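The values are calculated or read from the model by the stated rules, or taken from the named source; none is laboratory data. Keep in mind it's a predicted model, so treat the numbers as computed, not measured. Virtual Cβ from ideal backbone geometry, glycine too; neighbours counted across all protein chains shown. Heads up: the accessible areas ignore ligands, DNA and RNA and are worked out on the full protein's heavy atoms, side chains in. Shrake-Rupley method; radii C 1.70, N 1.55, O 1.52, S 1.80 Å.
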Amino acid sequence: NNLNPGTAYNLTLVDADGDFRSPDPSISATTKCSCSPDSEVTGRPSDFSIYQQLGFIQFQFTDNSLCESGFSVTRSDTTEEFVMDVSAYGTSFASDYYFTASSACGAQISPGNNLQDDLAKSDLIVGHSYMYCVRAFADNYYMMDTSGSSSNTKATSSGEACARHQVLWEAALKGRVTTTKEAGTLPIGHVRVTWRMYKEKGTPELASGEVITDEGGRFQIVITSAHESLTNTHEHLLHLSFYKETQTTNGTVTHQFLCNDGQDNCSDSGADIYLKHLSFDEQVQIYDNTSIPFRGMVNVAGSRCGVRGVEVCIVDSHGKGAPYGTVVSAANGNTEDVESTKFCATTDNNGEYVITPIIGTTVDYATLMYYNHSFSVRGRESNFWEIPMVISSNRIYDRMNFEDTTTGELIVDIFGGGCKIPMGKAEVVMSIKGCDNSLWERRLFQYAPRQAYSVPAQEIELYVNNLFDTRTPDERPLEFIMDNFFYPGDTPLILTKDMREVIVEDSQLEAAEEVEQGTLTDLEGEGKGAEASEEEQKETIALTNKAASTTHNVLFQYNGILKMSTTILAPETSMEVGKCGPIIDESWLDARKINSFHVMNSGDLLSYMVRLDYDILPAYDDLGIGGRTCDIVDESTKVVVLSQIGVDDNEGFDAWLEKQPQPIKTLLELCSSPPCLFPVQHDTASDTGALLGNAHVKFTLVTGRPKIAGDHIKTVLIQVLGDDNNKHTSGIFVEGLYDKGPGDSFAVPTHEPLLILRDPPGGLSYASYNNMKTTIRAKAEDHNVVADVDLGMK
């Protein structure tokens with residue numbers, strides 16, 4: 001058991017006592033590759049079988065080898081079953097098949113398309129027999145040759161297992177049975193398709209069979225024959241016939257079929273198809289002409305707008321009548337009997353449908369499925385509905401129209417900002433999405449900020465066409481608001497509200513349950529239901545269904561123009577600190593690129609209050625009418641602050657900063673680098689958290705050392721994030737006295753000299769001064785400060 005299979009071993013014979021050794025130590029023996037206990041040693045495959053399928057010859061066999069890497073199959077015309085030199089007698093038609101088995105022996109091997117003879121390439125003759133042989137092989141060598149010719153000969157493969165195969169004639173045909181193109185090409189299932197094969201017309205039948213179409217109307221015929229009349233090149237005749245019958249209330253209806261692209265009636269004569277050997281892509285289309293069009297339209301009640309996507313079904317209850325009335329919808333909460341027969345279609349973009357019931361169908365009622373909507377037969381076509389209605393070939397069914405009677409409550413809000421400021425009189429235009437305005441449109445004037453409208457439960461499009469200010473006696477048009485919000489450019493701002501989903505209120509469901517349980521009470525409180533008449537109960541159910549509706553909201557909110565105002569408050573008094581002096585004007589501010597100017601002492605605390613609001617309605621000075629603003633802004637609004645007043649880049653700043661108390665140090669560096677990003681705050685209701693207004697940002701800074709160069713002005717930049725129109729720059733002049741010492745003083749003057757000494761010409765000349773006194777006069781454009789200055793000069 002420990003020897004390698006297919007390997008030659010040298011043997012030495014030694015007697016039990018060790019006194020005798022064989023004179024010829026070259027005696028050898030080879031272990032076998034076969035798994036089987038019989039005399040076959042090469043591991044030849046067994047159970048070799050051959051089958052043909054859809055143009056391919058494939059194989060199956062059992063692995064009997066311990067030495068193989070794979071298998072090789074050859075084909076030849078010879079009948080010899082064991083040919084060691086395969087290359088001399090057989091044809092290798094496919095690549096070798098490599099195989100790794102989970103166990104050493106006995107595996108059932110089916111290579112499939114990995115090892116097969118492709119008839120389309122091999123061009124084998126139909127009806128001719130070929131010999132196929134399979135053998136195991138190894139990549140390097142298979143085993144030592146045991147034929148006795150030479151002990152050093154290496155065999156390349158096992159012995160062969162061979163079998164004969166007669167090439168069969170094969171072809172396939174795919175087909176489908178549907179209604180005609182005019183009837184929507186709907187699939188027809190359960191059609192029996194019978195086929196017969198002939199060499200040519202007028203010759204004896206060679207093969208036959210039948211198939212049944214599936215639910216999609218599809219069928220496939222696969223023909224495999226060994227008949228000697230079938231050839232490789234000849235086109236042979238395949239004759240098809242079709243049969244289907246349907247049981248209706250009025251008896252059995254036998255279907256009629258069309259062939260040749262719907263041109264020929266082949267119900268009795270059938271259809272002829274010609275097929276060649278290895279033709280597998282041929283297709284045929286058959287039409288069931290038994291059904292006839294049943295046409296109509298579903299429109300929105302009170303309009304000519306069609307409703308798209310409604311599933312319309314006509315139902316044959318097989319003698320049970322119409323238990324739920326002529327028209328049943330999902331809003332009724334009813335379902336038809338599962339044993340009934342339905343013919344259905346879905347409305348197109350225009351709301352039109354075509355159903356193709358078969359002749360003889362009895363229409364007991366119709367079902368319309370579209371969300372939870374209610375439907376009825378359109379009034380002027382009600383005379384077409386003669387229930388029960390038997391589909392006949394001598395009648396045209398083309399005005400079977402319904403209307404969607406479901407409505408919903410649409411609440412339209414037109415506000416100014418989050419404060420819900422009334423906007424005046426608005427002309428609101430409504431239409432149904434996808435429907436031409438000439439078929440349904442409503443133009444209404446809305447005076448209140450909120451108004452409810454009853455509209456069809458469809459996708460409603462709305463826009464504001466005009467807006468008038470009712471604060472003025474002449475209702476002046478608000479053209480700026482229209483041009484910038486409601487009607488920008490050439491098209492209006494259109495909002496769409498999908499109202500198709502109907503929500504049935506709990507009270508309506510309870511009322512329906514009371515009717516069902518016989519507990520519904522009338523207006524005087526007396527019990528009705530079981531005691532009520534059948535007509536009263538049906539009427540109550542109908543009213544309950546009709547009440548099913550839905551409420552939706554749509555909001556036009558004009559937020560106006562955002563405005564920002566900035567105030568500096570003195571912390572002790574909360575009084576506003578104004579601009580410094582009467583000489584400050586806009587041109588002076590513009591030249592310094594600031595919006596306000598303030599004089600502060602070093603170390604002053606500055607509390608900033610930034611307020612935000614929207615300008616909603618304009619002011620009319622001629623009428624004494626003020627503008628309307630809203631101080632509730634979007635909660636995502638943020639204010640950016642970049643401050644320079646606490647820091648500077650002069651010598652000694654870092655040392656000076658370290659001397660400050662930590663709270664002051666924090667305020668000095670606040671918003672300097674990086675800038676601050678403050679969220680907007682609002683006053684809120686304590687109980688609900690609702691926004692009450694007063695949109696603002698409040699923060700505190702502290703002034704640092706004076707600016708000793710340039711215009712001596714430090715700045716605080718305040719801006720609404722992403723809004724260049726709301727930006728404010730405060731100019732701060734910081735006053736302060738400095739003591740001498742490292743980091744606490746600077747040279748005065750910084751620009752003009754106090755004394756100039758000139759050395760006269762000559763090598764021995766000199767200039768000197770002593771006990772010098774001088775007077776300094778400071779002059780500023782905005783204010784003058786008079787103080788005793790001791791320069792400490794000697």
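Scanning the stretch 397-420 for residues being open to solvent by 30 Å² or more (accessible area, probe 1.4 Å) and farther than 12 Å from Val300 by Cβ gives a total of 6. Number of residues in the stretch 706-718 that are open to solvent by less than 30 Å² (accessible area, probe 1.4 Å) and either assigned to a strand (DSSP E or B) or touching a Phe, Trp or Tyr at 6+ places or on another chain (Cβ under 7 Å) (or both): the value is 4. Annotation: of all residues in the stretch 94-143 being farther than 18 Å from Ser158 by Cα and modelled with pLDDT under 85, the one that is least open to solvent (accessible area, probe 1.4 Å) is Ala94. Please determine, by comparing only the residues of the stretch 694-716 that are among the small types (Gly, Ala, Ser) and at pLDDT below 95, which one is farthest from Ile594 (Cα to Cα). The extreme case among them is Gly704. Entry remark, the stretch 385-396: residues being open to solvent by 30 Å² or more (accessible area, probe 1.4 Å) and within 14 Å of Pro357 (Cβ to Cβ) number 6 in total. Which ones in the stretch 221-246 are open to solvent by 40 Å² or more (accessible area, probe 1.4 Å) and closer than 20 Å to Glu282 by Cβ? Once the filter is applied, which keeps residues that are open to solvent by 40 Å² or more (accessible area, probe 1.4 Å) and closer than 20 Å to Glu282 by Cβ, the stretch 221-246 yields Val222, Thr224, His227, Thr231, Asn232, Thr233, His234, Glu235, His239. Counting only strands (runs of 3 or more DSSP E) wholly contained in the stretch 393-504, the ones carrying 2 or more residues that are of a type in the set (Lys, Arg) occupy 441-446. Of the residues making up the stretch 196-237, just one is of a type in the set (A, V, I, L, M), assigned to a strand (DSSP E or B) and over 53 Å from the mean Cα position of the chain (by Cα), namely Leu206. When we screen Glu245, Glu200, Glu235 for residues that are out of contact with any His (no Cβ under 8 Å at 6 or more places or on another chain) and not hydroxyl-bearing (Ser, Thr, Tyr), the only hit is Glu235. Residues in the stretch 605-614 that are at pLDDT below 95 and open to solvent by 50 Å² or more (accessible area, probe 1.4 Å): Leu605 only. Of the strands (runs of 3 or more DSSP E) entirely within the stretch 259-311, those holding at least 2 residues that are closer than 30 Å to Leu168 by Cα occupy 271-275, 279-288.
Scoring Trp656 on the criteria (1) open to solvent by 50 Å² or more (accessible area, probe 1.4 Å); (2) among the hydrophobic types (A, V, I, L, M, F, W, C); (3) over 17 Å from Ser565 (Cβ atoms) leaves a single failure, condition (1). Each residue in the stretch 247-258 was checked for being in contact with a strand residue (DSSP E or B) (Cβ under 7 Å, 6 or more places away or on another chain), part of a strand (DSSP E or B) and surrounded by fewer than 17 Cβ atoms within 10 Å (Cβ to Cβ), and 2 pass. Residues of the stretch 660-680 that are within 40 Å of the chain's Cα centre (by Cα), under 17 Å from Ser607 (Cβ atoms) and surrounded by fewer than 13 Cβ atoms within 10 Å (Cβ to Cβ): none at all.
Condition check ((1) hydrophobic (A, V, I, L, M, F, W, C); (2) modelled with pLDDT of 95 or more; (3) surrounded by 15 or more Cβ atoms within 10 Å (Cβ to Cβ)) across all residues:
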position	(1), (2), (3)
Ile432	yes, yes, yes
Asp436	no, no, no
Leu439	yes, no, no
Pro449	no, no, yes
Glu461	no, yes, yes
Thr470	no, yes, no
Thr491	no, no, no
Val502	yes, no, yes
Ser507	no, no, no
